[in-house]
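Worksheet for the structure shown next.
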Amino acid sequence: MNILIKSAKIFDKSNKDLHLKTKDILVQNGVITKISDAVTPTEDAVIVSKKNLCISIGWLDTSVSFGEPGFEERETIENGLKTAVKGGFTDIILNTNTNPIPYTSATLAFIKDKAKEEVTNLHPLGALTINSEAIDLAELYDMKNAGAVGFSDYKKPTSNSNLLKIALQYAQNFDGLIYSFPLDCKIAGKGIVNEGDVSTSLGLKGIPALAEELQVARDLFILEYTGGKLHIPTISTAGSVKLIKEAKKKGLDVSCSVALYNLLYTDEKLTEFDTTYKVLPPLRTKEDITALIEGVKNGTIDFVTTDHNPLDIEQKKVEFDNAAYGTIGLESSFGILNTIFDTETTIEILTKGRERYGLQTPKIKEGNTACFTLFDNDTLHYINKQTSKSRAKNCMFFEEKLKGQVFGVLNKYVAEIL
C-alpha cells in the first residue's frame, strides 16, 4: 500500500530540521520514501488529508492489561489492540494480568502469536515469580528469549527483600528489567483509598503515602547494593518523586512511571462512592499531583501510563469495599495529557522511553520503516460508553473534556485511519 500524508505538522524534537514543520510524507510499502513541502501522489496512493493534521512517531504505553488468556470477557487481545489504535498507540507493554499468569515462555508465545497480525505492536512482560506468588523466581532467562521485555508481578509487591535482591543480581546476566510495585502491604493494611481527610470523612480505610514511600526507599537501597535495572511502576506521592530523583542523581539505573489518573484527580472524587475512581495506587492529594507533574516535566518520572485495566461490570457495580481496582484509559490518554501539558511535551511523553525495554525508536526519515501516529492537537471532544471501542466500560475519563483527537496510526505495512 502506498500512502501520501498531506500537509502534516511534524512533532519530533529529535529532528530539528523537521520539528514543527509542515510536510508531505510519502510511504510506499511501509517505507518512508519522500518527505517534502509538496509530493506528487502516485496513481495508486491513498491520500490522507485532514484539517489540522499533525504527526509524530508512534506512541507507547508501558502499562496495559487486556484479559486474554483467561479473562476474554473483559477484553481480548485483538479488540484490545484495536482500542490501542483508537488511542494512537503503535506499541504497548502488556501486563501479566491474565490466567494463566505468564511465567513460562509457552504462555508468552501464545500471547505474541495472538497479536502478530495487529497494527499495534504488543510487547509482553513476564511474571517475576511463579504464579506471581512472590515465593520463587520464574524462568526469567527463558522468557527473555521468548520476547519478555521485563518481569513484573502485576500490582503485587515483592515483600521478600532477598527475592528482589536475587532477581536484580540474576537479571544482570541478560540485561533484564525488574519491576517492583511500590506498596508495603503491612503499612497499607486493609486500606483501599488514600489516607487523609477524605478517607476519614467517608469512613473508608486509608493507604498512607508511607506505604508507598517505604517500599520505594527499600527498593532503591537494594538496587544500590546489587546494581541492575529496576522499574518502579505507577508512583503516586510527592515523597516517591523525591526519593527517585535522589537515586537518579546517584547514578542508579532506575526508571518509574505515573498513572494518568494520578495526574488529574484527587481523592475528593470519592465523595459519592463511585467505584469507577477506585484504583491502585489510590487517588492522592493536590500536593501529590503538583509534585508528580513537576516530576514528569523534569524527567524524574520516565513514563506516563494509562494503567489500562478492563473490568466486568460485576467487578465494579458492587459496594465500594468489594469493588476491584482499575480503570481503562487508552482512548483518553492523549486528550487528557494535552490538557495538562502543551502539545510538544505531550508528544514527548507519549513517544519516549522505548530503549528502556530494548525496543528500537522509530525515526521520521527517508528510507526508514514508517511508524506514525496521526492526530489533531486542538479539537475538543468527549468519549463515552457508546463511542468507546473497549469491551469494558470502567472508564473514569468518560465525558471528560479531551483536547485533541487521534486520526489513526501507520505502522510497518499497515495503516488504520479512523
Inset, instruction - State all residues of the stretch 173-191 that are of a type outside the set (A, V, I, L, M, F, W, C) and more than 14 Å from residue 158 (Cβ to Cβ); if no residue qualifies, say none. - result: 173, 175, 176, 189, 190, 191
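Looking only at strands (runs of 3 or more DSSP E) that lie completely in the stretch 1-101, which have at least 1 residues being closer than 22 Å to residue 149 by Cβ?
On the way: elements: 2-10, 22-28, 31-36, 46-48, 54-57, 59-64, 89-94.
Ranges flagged: 54-57, 59-64, 89-94.
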Inset, instruction - Test residue 122 against the stated conditions and say whether it is assigned to a helix (DSSP H, G or I) and surrounded by 19 or more Cβ atoms within 10 Å (Cβ to Cβ). - result: no
Inset, instruction - Could you tell me which of the residues 81, 60, 53 is in contact with a strand residue (DSSP E or B) (Cβ under 6 Å, 6 or more places away or on another chain) and closer than 30 Å to residue 325 by Cβ? - result: 60
Inset, instruction - Answer yes or no: is there a residue in the stretch 133-143 that is touching an Asp or Glu at 6+ places or on another chain (Cβ under 8 Å), surrounded by fewer than 22 Cβ atoms within 10 Å (Cβ to Cβ) and in contact (Cβ under 8 Å) with a residue 24 or more places away in the chain. - result: yes
Legend entry - Flag for residue 69 being surrounded by 24 or more Cβ atoms within 10 Å (Cβ to Cβ) and out of contact with any His (no Cβ under 6 Å at 6 or more places or on another chain): no
Inset, instruction - Scan the stretch 182-200 and give yes if some residue there is in contact (Cβ under 8 Å) with a residue 40 or more places away in the chain and either open to solvent by 40 Å² or more (accessible area, probe 1.4 Å) or farther than 30 Å from residue 286 by Cβ (or both), otherwise no. - result: no
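Given the structure, is residue 380 part of a strand (DSSP E or B), farther than 24 Å from residue 14 by Cβ and of a type outside the set (Gly, Ala, Ser)? Walk me through it before giving the result.
Numbers: part of a strand (DSSP E or B): yes; farther than 24 Å from residue 14 by Cβ: yes; of a type outside the set (Gly, Ala, Ser): yes.
Taking the combined requirement at face value, the residue satisfies it.
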Legend entry - Only listed residue being polar (S, T, N, Q) and over 21 Å from the mean Cα position of the chain (by Cα), chosen from 368, 394, 377, 411: 368
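The values are calculated or read from the model by the stated rules, or taken from the named source; none is laboratory data. A quick note: this is a predicted structure, and the numbers were derived from the prediction, not measured. Cβ sites come from the backbone with ideal geometry, for glycine too, and all protein chains shown count toward neighbours. Only protein heavy atoms, including side chains, enter the accessible area calculation; ligands, DNA and RNA are left aside. Shrake-Rupley method; radii C 1.70, N 1.55, O 1.52, S 1.80 Å.
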